[in-house]
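The values are calculated or read from the model by the stated rules, or taken from the named source; none is laboratory data. Quantities reported herein were computed from a predicted structural model and do not represent experimental measurements. Because the Cβ atoms are built from the backbone with ideal geometry, glycine has one as well, and the counts that use them run over all protein chains shown. Note: areas computed on protein heavy atoms with side chains; ligands, DNA, RNA excluded. Shrake-Rupley method; radii C 1.70, N 1.55, O 1.52, S 1.80 Å.
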Amino acid sequence: MEMFLTDPTEIKSILLYTADEDAHPVGGQFWDTAATNYYILGVFDQGTQLYHNHVPSVGTFSGDMQFDLYGADLGWFEKGNWFAVEVTLGDGTKIKRLTSIGEPFIGSSESPSGQLGDHNADGKSKIDSILQGDSKSSGSEDQSPDQEDSGTAILDSWNTGDVDNGPTCSPILTISKPHMITYIDTYHWNYGQGTASGGSISLQNGDGETFGPWPVEAKSASGAANAWWIARPNVVIPEGNYIIIDSQPETWSQNSESPCGLAKVEGYPVQADPAAKDDKKEQSESKGTVRADIVIDGNCDNPIEILTSGCDAGLPDIPVELTFTYIPPAYYDATPDTLRETTDEKGMVYFKDVPAGSKFILKTKVKTMEKEQEGTMPDPASDVYFTFDYICKGSWPEEVRKAAEQNAGVDSEGRIHGIVTPVCGMEGVICSPECGLYPL
């Protein structure tokens with residue numbers, strides 16, 4: 001990874017993740033320099049290893065830089081697979097870049113601002129434009145003439161300002177004729193925590209009639225898991241005024257520019273009168289797979305092994321239970337209320353043939369510690385991923401952490417000082433509850 005920074009600039013973290021060609025996370029594989037719930041991303045600067053564990057800051061740099069990045073090989077580093085790199089600077093700025101294994105980097109690798117990646121005419125990378133609600137990058141204007149029209153933006157309250165939770169109102173959508181609604185999204189940054197899983201989005205008109213709810217596909221965004229909620233209703237609604245109803249308003253992002261919540265609606269006008277059609281919603285017949293990983297601390301003999309193999313491991317022979325909280329009527333008679341599987345040698349478990357639109361709870365237990373997560377199978381169905389994190393983590397008390405960050409820096413020889421990664425067992429380090437499970 002090459003960058004050019006005109007002034008000394010702190011790099012807080014570097015995140016590498018498996019992606020599709022639009023930089024959307026796919027496959028659920030993440031390597032990070034800071035977040036301990038992800039595999040560690042190793043960084044070498046001119047052959048010098050910068051750290052051996054997750055760190056709160058990579059360091060302060062300026063001028064031309066070239067980093068070699070290392071991640072545990074989980075079978076994804078194959079020619080043709082896409083990956084995204086996200087660099088977070090000290091001021092919170094996030095720079096994203098997309099590349100493919102075995103292919104050269106796309107576009108220039110340097111710019112005076114330190115930005116990386118493909119840029120549109122406004123200088124924004126494609127994924128940044130999508131997350132900021134730029135219709136030029138959402139797909140509606142990038143299609144070839146023979147592709148199906150996904151519609152244009154008929155409501156867009158996205159902006160690039162800092163956000164808080166809890167809108168004080170609901171975005172209002174006004175249409176003067178029937179529209180096919182093809183796309184609705186909302187943003188749930190939740191102060192960097194994202195959400196445990198996706199929920200649903202609905203539209204409600206002035207008469208109180210509700211269209212939906214439609215299950216969402218939840219994607220990671222701006223470093224937060226399941227923060228970008230996307231519904232694809234493909235439903236015709238009559239003319240009128242509508243508000244957007246989000247199933248989790250307490251984490252829905254808003255700010256002074258968009259106090260009713262960040263959201264976008266796309267669609268196109270149609271001649272058909274939806275009142276003349278059958279009111280029964282057609283249910284997709286697709287089915288998907290729910291994959292869950294149980295991640296624990298592995299064993300490494302030396303720091304290089306951390307980078308080449310990874311110290312995180314999977315725990316085999318652990319029962320995982322999937323209990324449906326909602327099954328679409330078309331599937332109810334043929335689908336058991338509860339599915340049970342056991343993790344394989346890599347700590348993974350797969351629940352196949354989960355109906356589109358269904359909702360469920362995943363539960364597992366390692367020794368005495370139970371964990372559960374809620375989920376929804378998108379409609380149409382696709383593979384969805386969950387991780388149960390049983391890794392022992394250490395953290396410094398807040399005052400110690402802040403003091404270390406203030407004193408951190410890079411000396412004249414390029415070595416980082418002032419940063420000590422907290423490891424459970426060190427004096428003063430706070431251990432997470434998972435540490436009490438070891439040895440497993």
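What is the Cα convex hull volume of region 1-93 when expressed per residue in Å³? Before the final figure, lay out each step's value.
Numbers: hull volume 10.4 nm³, N = 93.
It is 112 Å³ per residue.
Return the sequence-ordered ³J(HN,Hα) values of region 53-59 in whole Hz as given by the Karplus equation 6.51 cos²θ - 1.76 cosθ + 1.60 applied to θ = phi - 60°, using x for Gly and Pro.
Result, rounded to whole Hz: 9, 4, 10, x, 7, 6, x.
Thinking of region 1-46 as a set of Cα atoms, what percent of all their pairs are more than 16 Å apart?
That tail contains 52 percent of the Cα-Cα pairs.
What are the GluC sites (Glu not before Pro) within region 306-376 that DSSP puts in a loop, where the Cβ has at most 12 other Cβ atoms within 10 Å?
Values: sites: Glu321, Glu341, Glu345, Glu370, Glu372, Glu374; in loops: Glu345.
Within region 306-376, the qualifying GluC sites (Glu not before Pro) (loop, at most 12 other Cβ atoms within 10 Å) are Glu345.
In Å², and per residue, what accessible area does region 1-101 have when probed at 1.4 Å with the other protein chains present?
41 Å²
Given R₀ = 35 Å, FRET efficiency for Ser62-Ser432 by Cβ-Cβ distance, to 0.05? Before the final figure, lay out the partial values.
Working: r = 36 Å, r/R0 = 1.02.
Working from the Cβ atoms, E equals 0.45.
Quick one: net charge around Gly166, please, counting Lys, Arg +1 and Asp, Glu -1 for every other residue with C-beta under 12 Å from its C-beta.
Combined, the nearby Lys, Arg, Asp and Glu give -3.
Just the Kirkwood number for region 172-236, please: inverse of mean 1/r across all distinct Cα pairs, in Å, one decimal.
12.8 Å
Can you pull the one-decimal nm distance between simple spin-label points at Val270 and Glu399, each 7 Å off the Cα toward Cβ?
Rounded to a tenth, the inter-label distance reads 6.3 nm.
Report the trypsin sites (Lys or Arg not before Pro) located in region 1-109 that are in a DSSP loop and have at most 11 other Cβ atoms inside 10 Å of their Cβ, or state none. Walk me through the numbers before you get to the answer.
Numbers: sites: Lys12, Lys79, Lys94, Lys96, Arg97; in loops: Lys79.
The qualifying sites are Lys79.
Would you pull out the residues with amide H under 5 Å of Thr182's amide H, same chain only if 5 or more places away, H placed 1.01 Å from N?
Asn234, Glu266, Gly267, Tyr268
For Thr195, what is the net charge nearby, where nearby means another residue's Cβ is under 13 Å from its Cβ and Lys, Arg count +1, Asp, Glu -1?
With Lys, Arg at +1 and Asp, Glu at -1, the neighbours total -3.
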